[in-house]
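Here the structure comes first, spelled out in structure tokens, and everything after it is commentary.
The values are calculated or read from the model by the stated rules, or taken from the named source; none is laboratory data. Nothing here was measured: the structure is a model prediction, and the numbers come from that model. When we count neighbours, we look across all protein chains shown, and the Cβ atoms used for this are built from the backbone with ideal geometry, even at glycine.
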Amino acid sequence: MGYLEIVTTPISMKVITLTTIFIFLNGIFYGQDCLPAGASFTLQSELDAFILNNPNCTIIGDTIRISNVSDLTPLMNIEQIHGSLIIEESDIADINLPKLSYVEDHIFIAG
């Protein structure tokens, strides 16, 4: 019977190591996409739970719709929204999203 022999060369090991390091660093430096399909938060408690469940989230993958909330602090780490940011029917005194630098579509705010 024959057998399969797998031989690794120093070059192939370097490629595997560099690829692994790149994938790891990509997640660290480019943030984490925690909601690839977007989200809808209709209660303040849902928004508060979001930061507890996703403390490292920096990128929302699609539209985020927020209503009936009074505090946007749980979104303070969000840097990018690849969709729209829609805030409606909310009593928000201060819209402070210090790290948000990119919204792909539009921002809509209505009382």
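Restricting attention to segment 69-84, which residues are more than 14 Å from L47 (Cα to Cα) and not small (G, A, S)? Walk me through how you get there before you give the answer.
Let us first name the residues in segment 69-84 that are more than 14 Å from L47 (Cα to Cα), namely 79-84.
Scanning segment 69-84 gives E79, Q80, I81, H82.
Among residues belonging to segment 61-77 that are part of a loop (DSSP other than H, G, I, E, B) and hydroxyl-bearing (S, T, Y), point out the one that is farthest from P98 (Cα to Cα).
Filtering segment 61-77 for residues part of a loop (DSSP other than H, G, I, E, B) gives 61-63, 68-72, 76-77.
Remaining after also requiring hydroxyl-bearing (S, T, Y): 63, 70.
Working: T63: 19, S70: 17 Å.
Filtering first and then ranking leaves T63.
Looking at N54 and the list (1) modelled with pLDDT of 95 or more; (2) surrounded by 14 or more Cβ atoms within 10 Å (Cβ to Cβ), which single condition is not satisfied?
Every listed condition holds for N54 apart from (1).
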